[in-house]
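Undergrad: Dumping the structure here so I can ask a few things about it.
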Amino acid sequence: MNSLVQPNDIRDVIEADRAHVWHHLTQHKTFETVDPRIFVEGRGMRVWDATGKEYLDAVSGGVWTVNVGFGRESIANAVRDQLVKLNYFANSAGSIPGALFARKLIDKMPGMSRVYYSNSGSEANEKVFKMVRQIAHRHYGGQKYKILYRERDYHGTTIGTLAAAGQPERREQYGPMPPGFVEVPHCLEYRGQYGDIANYGERAAQAIEDVILREGPETIGALCLEPITAGGGVIVPPAGYWETVQDICRRYDILLHIDEVVCGVGRTGKWFGYQNFGIEPDFVTMAKGVASGYAAISCTVTNEKVFNLFKDDPSDPLSFFRDISTFGGCVAGPAAALENMRIIEDENLLENTTLMGERLRANLWELQTRHEVIGDVRGAGLFCGAELVSNRQTKEPVEEKQVQAVVAACLANGVIIGATNRSLPGLNNTLCFSPALIASASDIDEVTGAVDTALTKVFG
Ligand code: PMP
C-alpha cells in the first residue's frame, strides 16, 4: 500500500470523493451505503485500494488499457524528461516525440502512412467521421457521406460516436442523433443468426452488402468496425468474414475504418487486431494501449490515399482537414507511447501475449468441462470472453445479476474481471478478461482459479 498516504488522510479522501466526484457509469445512490472504491497504487498486474486490499487486475485498469502494467518508472521518467523540456505546443507545429512515435508506429503498420494526434478513442473516431464527410463534400458532391457501423460494436461516448453505437441502449435519452449513420448486422457465430452453414463468415459479410445495396453504395463513405468486438461480447469474426468485407469495400468504393481502441498495441498478440486477418484498412484508430494510460493520447492513422485527398487542391481554402485537438499537442502522449512501444518490443510482450492468451483460453475450456454455465469461450491473445448460458442447447443467457455476482465474487477474492457492458438487453452475459501483456502463467491460473470458485458459488 502507498506509504505516502496515511490511513487518516484516506478517510478524508473518501469523503471528498463522495461529496464531489461524479463517477463514470455509476448510479451514485450506491454510495449512500458503501464507500466509493479508491485505488491508490499499482505494480505490474497488482493494484491496492484505499483500505490496503490487494487485487490481481485481469482487465488492465478496468477497461483494457494498461497494456504494459502498472508502476513503469521508465515511462514516468520519459514523460517527466519531456515535460520539463517542453510540455506543450499546438500540434500545427511538430514535436520530437510526435515525429519519432509516428515513424515507429507506421513501421508496425505496412500500408499506412500518417498519424493524426488527439486524446481519446471517441475523438480519434470522430476525426474519421469528419474526414469521411469532408471527402464526400470535396470528391463526391456531398453524396457519399454515410457511415456504416455494426450491431454490438462501440466507438465512443460523444454524440457522433454514439450515433455509430451498435448498442442502442447507450443512445437512449441522448437523442436526437445526427443523421447519416446506418447499422449492419453482427457476425457472432455462436448465436448463429445465419444458421448452421459452412460459409458463415461470408454470409455474415454479405449481410453488410445487403445494407449497402438497400441504402445505395453511392451514399456510403465508410464502414467502421472493431476487428474483434470488445464490450459488445468479445466477438471474433468467423473465417472468411474479413476477406469478403474487404472485397465489398473495394467493389463499392467504401473506405474501411478499423477501430483498434481496444485491440491495438499488442492486445491480441499482434501489434494490431486487424493484422490477424490480413486486412488493408484506410483508417485505423487507437487510444487505450497506445501509452497504457500513462498519458492521454489517441491516434487516427490513415493511408496515403486518404491523406492525399486533403492536399490535391491547395488553391481551395477549404481543402485541408480543418480540425484541431488542443491536447493533441500534449507532448507527454507520444513520449509515453514511444517508451510503451519500446517495452513491448524489448520484453517480447507480443509473444508472451500469444502464449498466455492460449493458456487463458485453455484454462477456461477446462472450466467449461466442469461448469455447465459456460456456453462459449472466445478471443485472441490476452483478450478473452466467456459467455454464460442457463441452457447449452437453447443458449438462453443467464441473468445479468448472476453475471454481476460472478464479477463481485472474484472481486471479493481479490481478482478483478469484467463483464459485457450493461447496455445490451438480454446479452449482458459475457465475462471479459484482458490482463496486462506481462501476465505470467501463475497470474493466469490465479485469475481462472478465482473464476472457478466464483462460478461454483453463484451457480453451484
Ligand atoms: N472504441 C472502442 C472499441 C472502445 O472500446 C472505446 C472505449 N471503451 C472507445 C472507442 C472510446 O474510447 P474513449 O473512452 O477513450 O473515448
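The values are calculated or read from the model by the stated rules, or taken from the named source; none is laboratory data. Because the structure is predicted, anything quoted here is derived from the model rather than measured. Positions of Cβ are generated from backbone atoms using ideal geometry, with glycine treated the same way; all protein chains shown enter the neighbour counts. SASA here: full protein model, heavy atoms, side chains in, ligands and nucleic acids out. Shrake-Rupley method; radii C 1.70, N 1.55, O 1.52, S 1.80 Å.
Undergrad: Among 69, 62, which is open to solvent by 30 Å² or more (accessible area, probe 1.4 Å) and either of a type in the set (Gly, Ala, Ser) or under 30 Å from residue 386 (Cβ atoms) (or both)?
TA: None of the others qualify; the one that does is 62.
Undergrad: Would region 172-182 turn up any residue that is more than 27 Å from residue 266 (Cβ to Cβ), in a loop (DSSP other than H, G, I, E, B) and touching a strand residue (DSSP E or B) at 6+ places or on another chain (Cβ under 8 Å)?
TA: Within region 172-182, one or more residues are more than 27 Å from residue 266 (Cβ to Cβ), in a loop (DSSP other than H, G, I, E, B) and touching a strand residue (DSSP E or B) at 6+ places or on another chain (Cβ under 8 Å).
Undergrad: Moving to a separate point now. Based on this model, can you work out whether residue 40 counts as assigned to a strand (DSSP E or B), more than 16 Å from the ligand (Cβ to nearest atom) and at pLDDT below 95?
TA: Yes: the conditions hold for residue 40.
Undergrad: Run down 163, 136, 102 and say which single residue is within 16 Å of the ligand (Cβ to nearest atom) and touching a strand residue (DSSP E or B) at 6+ places or on another chain (Cβ under 8 Å).
TA: Sole residue among the options that is within 16 Å of the ligand (Cβ to nearest atom) and touching a strand residue (DSSP E or B) at 6+ places or on another chain (Cβ under 8 Å): 163.
Undergrad: On to the next question. Residue check: is residue 302 among the polar types (S, T, N, Q), at pLDDT 95 or above, in contact with a Phe, Trp or Tyr (Cβ under 6 Å, 6 or more places away or on another chain) and more than 14 Å from the ligand (Cβ to nearest atom)?
TA: yes
Undergrad: Output the strands (runs of 3 or more DSSP E) that fall wholly within region 338-454 and possess 2 or more residues being charged (D, E, K, R) and within 19 Å of residue 233 (Cα to Cα), or say none.
TA: 374-379
Conditions tested, residue by residue: (1) in a loop (DSSP other than H, G, I, E, B); (2) closer than 30 Å to residue 69 by Cβ.
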| site | (1), (2) |
| --- | --- |
| 268 | yes, yes |
| 299 | no, yes |
| 311 | yes, no |
| 315 | yes, no |
| 323 | yes, no |
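Undergrad: Evaluate region 317-339: report whether one residue or more is more than 16 Å from the ligand (Cβ to nearest atom) and under 30 Å from residue 442 (Cα atoms).
TA: Scanning region 317-339, I find at least one residue that is more than 16 Å from the ligand (Cβ to nearest atom) and under 30 Å from residue 442 (Cα atoms), so the answer is yes.
Undergrad: Next up: In region 249-267, what residues are under 17 Å from the mean Cα position of the chain (by Cα) and either within 12 Å of the ligand (Cβ to nearest atom) or open to solvent by 10 Å² or more (accessible area, probe 1.4 Å) (or both)?
TA: Matches in region 249-267: 257, 258, 259, 260, 261, 262, 263, 264, 267.
Undergrad: How many of the residues making up region 139-160 are open to solvent by less than 10 Å² (accessible area, probe 1.4 Å), over 21 Å from residue 252 (Cα atoms) and in contact with a strand residue (DSSP E or B) (Cβ under 7 Å, 6 or more places away or on another chain)?
TA: Matching residues across region 139-160 total 2.
Undergrad: Taking the stated definitions as given, is residue 228 within 16 Å of the ligand (Cβ to nearest atom), in contact with a Leu (Cβ under 9 Å, 6 or more places away or on another chain) and of a type in the set (Val, Ile, Thr)?
TA: Considered against the rule, which asks whether it is within 16 Å of the ligand (Cβ to nearest atom), in contact with a Leu (Cβ under 9 Å, 6 or more places away or on another chain) and of a type in the set (Val, Ile, Thr), residue 228 comes out as no.
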